[in-house]
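Student: Below: one structure in structure tokens.
Nothing in this text is a laboratory measurement; each read-out follows from the coordinates by a stated rule. This is a predicted model, so every value here is computed, not measured. Virtual Cβ from ideal backbone geometry, glycine too; neighbours counted across all protein chains shown.
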Amino acid sequence: MRRTKRTGTRPELALRSALHRRGLRFLVDHTPPGTNRRRRVDILLRGPRVAVFVDGCFWHSCPLHGHLPQANRTWWRLKLRGIRLRDQDTDATLTTAGWLVLRVWEHEDPEAAAERIHELARRRPRARRSR
């Protein structure tokens, strides 16, 4: 598990490139303002307050591609369940703080996902900066 990349994965880089081509500017691997949690967002669009997570199919239990390893099934079941619960808690915390939370599966087409994110970000009101 130590070799698993936390940020800068191939699907994440592809999505970031697609978003950048659409003119969106964002922060990478950042904690959203207004939250004091130890959770970090993969792609953070501060103006429209959009938090994007690029979820791996194995680690986040994709309904299409997620699987349970044969060895240590009980341990993996608990581990993956804990990750799903943490994701739900993160989504609830960010939503309560006024963020739109979007999750993109690693198997999704990055261009289609970027277009969806771009459209949603365009429709959201810009966050006001406090001085």
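Student: Tell me the angle of helix 73-96 to the major Cα principal axis of the chain, expressed in degrees between 0 and 90 and rounded to the nearest ten.
Tutor: Around 10 degrees separate the two axes.
Student: Quick query: amide H of V101 versus all other amide H atoms, modeled in the peptide plane; which residues come in under 5 Å with a sequence gap of 5 or more or a different chain?
Tutor: Here A51 satisfy the definition.
Student: How far is helix 10-21 tilted, in degrees, relative to the longest principal axis of the Cα atoms in the chain, given as a value from 0 to 90 rounded to the nearest 10?
Tutor: It works out to around 10 degrees.
Student: Using only Cα atoms, locate the centre of the stretch 5-33 and the centre of the stretch 109-129, then give the distance between them in Å, rounded to an integer.
Tutor: First find each Cα centre; the distance between them is then 13 Å.
Student: Separate question: For the stretch 62-71, what does the Karplus curve 6.51 cos²θ - 1.76 cosθ + 1.60, with θ = phi - 60°, yield as ³J(HN,Hα) per residue in whole Hz, taken in order and with x for Gly and Pro?
Tutor: 4, x, 8, 10, x, 8, 10, x, 5, 7
Student: Pick from R73, R81, R21: which residue has the top mean-square fluctuation in a GNM of the chain where Cα pairs under 10 Å get a spring?
Tutor: Of R73, R81, R21, the most mobile in the Gaussian network model is R73.
Student: Among P63, P48, P11, which one shows the biggest mean-square fluctuation in a GNM of the chain, springs joining Cα atoms closer than 10 Å?
Tutor: In the Gaussian network model the winner is P63.
Student: Quick check on the chain: helices-only [θ] at 222 nm, where DSSP H runs of length 4 and up contribute -39,500 (n - 2.57) each and the sum goes over total residues. Nearest 500, please.
Tutor: Details: 3 runs with 50 residues, N = 131.
After summing the helix terms and dividing by the residues of the chain, the value is -13000 deg cm²/dmol.
Student: Now for a separate question. Just the Kirkwood number for the chain, please: inverse of mean 1/r across all distinct Cα pairs, in Å, one decimal.
Tutor: Its Kirkwood hydrodynamic radius stands at 15.7 Å.
Student: I've got another one for you. Under a Cβ-Cβ cut-off of 14 Å, what is the net charge of the residues other than T96 that fall near it, where Lys and Arg count +1 and Asp and Glu count -1?
Tutor: Working: positive: R37, R39, R49; negative: D89, D91.
Summing Lys/Arg as +1 and Asp/Glu as -1 gives +1.
Student: With a sphere of radius 15 Å drawn around the Cβ of E115, what net charge do the other residues whose Cβ falls strictly inside it have (Lys, Arg +1; Asp, Glu -1)? Spell out each step's value before the answer.
Tutor: Details: positive: R16, R21, R22, R116, R122, R123; negative: E108, D109, E111, E119.
Computed value for this residue: +2.
Student: Could you tell me how many degrees, from 0 to 90 and to the nearest 10, lie between the Cα long axis of helix 110-123 and the main elongation axis, the longest principal axis, of the Cα atoms of the chain?
Tutor: Taking the Cα atoms of the chain, the angle to 110-123 is about 40 degrees.
Student: Which residue, L45, P33, P69, has the largest displacement toward the positive end of the dipole of the chain when charges sit on each Cβ (Lys, Arg +1; Asp, Glu -1)?
Tutor: Checked the options; the winner is P33.
Student: In addition: Write down Rg/Rh for the stretch 80-131, rounded to two decimals, with Rg from the C-alpha atoms and Rh from the Kirkwood relation over Cα pairs.
Tutor: Working: Rg = 13.8 Å, Rh = 13.1 Å.
Result for the stretch 80-131 is an Rg/Rh of 1.06.
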